[in-house]
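One structure is given here, and the rest of the page talks about it.
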Amino acid sequence: MAKQIEVAGLDAYYGSHKAIEGISMTIEPRSVTAFIGPSGCGKSTFLRTLNRMHEVIPGARVVGKVRLEEQDLYGADVDPVSVRRTIGMVFQRPNPFPTMSIFDNVAAGLRLNGRYSRSQLDGVVEESLKGANLWNEVKDRLNKPGAGLSGGQQQRLCIARAIAVRPQVLLMDEPCSALDPISTLAIEDLISQLKQDYTIVIVTHNMQQAARVSDKTAFFNLAAQGQPGKLVEMDETSKIFTNPAEKATEDYITGRFG
Amino acid sequence: MTVQTGIQPISAARRAKDRLVQVLVYLAFALAVIPLLSVLWLVVKNGLGRFDMEFLTHSMRNIGARDAGGGAYHAIIGTLEQVLLASLIAVPIGLLTAVYLVEYGEGGRLSRTISFFVDVMTGVPSVVSGLFVLAFWILVLGMPFSGFAGALALSILMMPVVVRSAEEMLRLVPRELREASYALGVPKWRTIVKVVLPTAFTGIVTGVMLAVARVAGETAPLLLTVFITDSINNDPFNGPQMGLPLYVFDQAGRPTDTAINRAWTGALTLILIVMLLNLVARLITWWRSPARRR
């Protein structure tokens, strides 16, 4: 199920502004890859190019190649909708659909994409909520609105919603930045479990989090304000945090800037 | 001027200013409410006398100039049919226009042009829309005076109101919800139908009801398109109909007290119908809202 992502020479633009430049990397399947770096360095932008969410913003475009196991995601005849179905995403702020119940939120991806019987949906919803460690907390109130849950529960609901469509890759854009430490811990545990089945990419501002959950870490930086963000280095997480090859990485993780 | 430091009591001057502004605000509120209450009071006081079963179930057919009795059944039927037809025309077009402006226009030339003309349409005096339908539909195309012609005129008035209110409501739907839906691999059109519109539903219904309330009381365009009749005409596509505003206009212009009383009752009925429609809309939005299931 999990697949490898290969990026080669990727630039992303907002209108005429170049946000990131020349990024190449390989993201391994069944592992967690963390992106760290100062604000505005293009981590989130790069993450969004991986499932073609970048181009949803008016004027945004991408140059370069992203391959999911030999398949070019930016090929001329590739349907971006199918890319997003294959590569799921969890956002910074929990965003459950306010008009839908907990059940409908998890089932949304399937329901909005085709016809499923109630029993099929029941199974997927239970499995996804269990996968997101939320089942025990909500199993008695599945038809209550999703917006009524706490922030941490909402974020796990969003993770359940994302894995309900059985993606091959899960992208997470600072999934814990709006959560308290206990919810954060719950999500981090969840990430460690999910990596058995999924390729996970996580953007985080929390370096301890990157060190805790990820197998590989990529450090992004920009040369100066207004310049495009670049990938400085990418390596095993243990190496990045103990013995980085670049001076800039060391300065950042030791707190000398950023 | 010296800069004051430290924690000070509120000065007398500030207290006085506060009082003054408070009085002004209440005064302005009273000024705004007085006409409203006085209209309601007058309409209820003068209209209640004839608000009986005969009024609601009979037309003005065979009621002589000085006769008491008679009713507005034909006008109630006419108003309901005309407003319903107008809504059937204006709401889908208005809603789709709003969806285009918010979801697809992206501030391009076409969407700016549409926006501009919607603003222009908002400013069109109602009699002009009636004149337009009279000139185009009735005189050029040779259609008869009918409730449908009136509905066409009313729909021209409704459309910009529906577009503006729906547009505003759609813009209020957070970007994140659309992105959440896209990220699940849901196509854009399904996102709009299943996520954006339901989220904005309550607001859109309110906007539509405002538009309905606005056109339900229009007299001038109906005068030119629906004409006036004293008989019941259930067919909105053929022949002159009546409408409550027309009924009020017609009866108020007659010289007898009985006719004037009927006009007041007609006005009362119109207010009640609009209130009732609003109530129904509230019920629908309440029934659809997620808060109900909490």
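At-a-glance table
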| item | result |
| --- | --- |
| Cα gyration tensor shape for the range A:106-179, rounded if a/c is under 1.5, else prolate or oblate | oblate |
| Dipole in debye (nearest 20) - the protein assembly as shown, about Cα centre, beta carbon charges: Lys, Arg +1; Asp, Glu -1 | 900 |
| Cα centroid separation - the range B:202-268 against the range B:61-115, whole Å | 13 |
| Charge context of B:PRO240, other residues only, Cβ under 14 angstrom, K/R +1, D/E -1 | -3 |
| For the range A:43-57 versus the range B:1-57, the gap between their alpha-carbon centres in whole angstrom | 52 |
| Order of B:TRP189, B:TRP287, A:TRP135 under a 10 Å beta carbon neighbour criterion, fewest first | B:TRP287, B:TRP189, A:TRP135 |
| Dipole of chain B, positive direction: furthest Cα of B:ALA216, B:THR258, B:LEU27, with charges on the beta-carbon | B:LEU27 |
| Whole-number percent relative contact order across the range B:57-293, with pairs defined as alpha carbons under 8 Å at least 6 apart | 29 |
| Share, in percent, of DSSP beta bridges within the range A:5-253 that are antiparallel, nearest 5 | 60 |
| Alpha-carbon centroids, the range B:152-183 and the range A:147-212: separation in whole Å | 33 |
| B:VAL43, B:VAL248 arranged by Cβ crowding within 10 Å, fewest neighbours leading | B:VAL43, B:VAL248 |
| Fraction of antiparallel bridges per DSSP, the protein assembly as shown only, in percent to nearest 5 | 60 |
| Sequence-distant aspartates and glutamates (8 or more away, or on other chains) whose Cα lies within less than 14 Å of A:LYS144 | A:ASP104 |
| Cβ-Cβ FRET estimate between A:SER117 and A:ARG141, R0 fixed at 35 Å, reported to 0.05 | 0.95 |
| Choice from B:ILE192, B:ILE77, B:ILE232 showing the highest fluctuation, given a GNM over chain B with Cα pairs closer than 10 Å | B:ILE192 |
| Packing-based exposure ordering (other Cβ within 10 Å, fewest first) of A:TYR116, B:TYR73, B:TYR182 | A:TYR116, B:TYR73, B:TYR182 |
| Counted charge near B:VAL118, where neighbours are those whose Cβ lies closer than 9 Å (Asp, Glu -1; Lys, Arg +1) | -1 |
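Quick note: the coordinates plus some simple rules give every number you see, no bench work behind them. Just so you know, these numbers come straight off a predicted model, no measurement behind them. Positions of Cβ are backbone-derived with ideal geometry, glycine not excepted, and every protein chain shown enters the neighbour counts.
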